[in-house]
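Take a look at the structure set out below.
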Ligand code: SF4
């Protein structure tokens, strides 16, 4: 496996903008390549780079606001490809792609997918270029294949861990989804959001995994957390300070609904929502966080309910005497607030 950062794009940006200082952030898996690239930028152009040490999990983690604080000239956000080139005032998105081939695992998957005639394809940033060849290979084996249309933020067939709005609209046209890549995180999310059988195609191990069990487990835990929170009298409503997750309006709405039902609410703000950060707030019986929904859906370390936005919607519905419904089945679990400029 080789993940390649789009070096040419970085050089083009440096040559066009002529910065003195560049702020950079990248997910953990790309830090080594990012550091090497910034070394080359320094040698070639004499440009200083500052690598952000804060968490960088998704496209929500842009650092546009920090450019001025650090007296830098622009920011490079590496590895979260999208339908846009720039976000905010200073930030350029730089693609990273994985050159692994899917031919072998598609042949393995064809046997597993045989009971499903109509397949939806989806993947995450690093494998987007594989959608076309995989579609053609599956079609040559007799499958009817659909790929969800792109939108203002996401490319065709792309999903984020919180946003499945490309795949969700085609869920009625397909019998199952095939997710390209070794990422249970994305594949489970796709299964939960679409409510469809979903299979993860891992090209490194040549394995095809049915995500149903993992999705069922997370769904049960998510429902249980909602019912536990129903008994709470004191809530903490957390607004995230990350650029792409500023859900101030949602936090207010949830706070109002809880207060109208007689619950006490303490409003909190933080960048990273972790068990350690929540531990000192002992009087709070349940939390609602309007940041990354995966903190709640995948978070196994909290000692009290920590609900995401879809779970909070379910909680409010139950408090108001309505059905909670299939609250995770929706195109987006959070409305990302990444500042957008068209590609
Ligand atoms: S909010 Fe969405 S994009 Fe950001 S880390 Fe969570 S799942 Fe990924």
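The values are calculated or read from the model by the stated rules, or taken from the named source; none is laboratory data. It should be emphasised that the depicted structure is a prediction, and the values quoted were computed from it without experimental measurement. We place every Cβ from the backbone using ideal geometry, glycine too, and count neighbours over all the protein chains shown.
Observations
- Test: residue in segment 212-220 that is buried (at least 21 other Cβ atoms within 10 Å of the Cβ), under 30 Å from residue 134 (Cα atoms) and within 15 Å of the chain's Cα centre (by Cα): no
- Subset of segment 60-83 [more than 14 Å from the ligand (Cβ to nearest atom) and under 19 Å from residue 35 (Cβ atoms)]: 66, 70, 72, 74, 75, 76, 78
- Once segment 168-199 is narrowed to residues that are touching a helix residue (DSSP H, G or I) at 6+ places or on another chain (Cβ under 6 Å) and in a loop (DSSP other than H, G, I, E, B), the residue that is surrounded by the most Cβ atoms within 10 Å (Cβ to Cβ) is 181.
- Residue 295 vs. criteria out of contact with any helix residue (DSSP H, G or I) (no Cβ under 9 Å at 6 or more places or on another chain) and under 26 Å from residue 186 (Cβ atoms): yes
- Residues in segment 40-59 that are over 17 Å from residue 96 (Cβ atoms) and either more than 16 Å from the ligand (Cβ to nearest atom) or touching a helix residue (DSSP H, G or I) at 6+ places or on another chain (Cβ under 6 Å) (or both): 9 in all.
- Residue that is modelled with the highest pLDDT [pool: residues in segment 56-72 that are assigned to a loop (DSSP other than H, G, I, E, B) and surrounded by 15 or more Cβ atoms within 10 Å (Cβ to Cβ)]: 72
- Taking segment 250-298 as the range and being within 16 Å of the ligand (Cβ to nearest atom) and part of a helix (DSSP H, G or I) as the test, the residues that pass are 250, 251, 294, 295, 296, 297.
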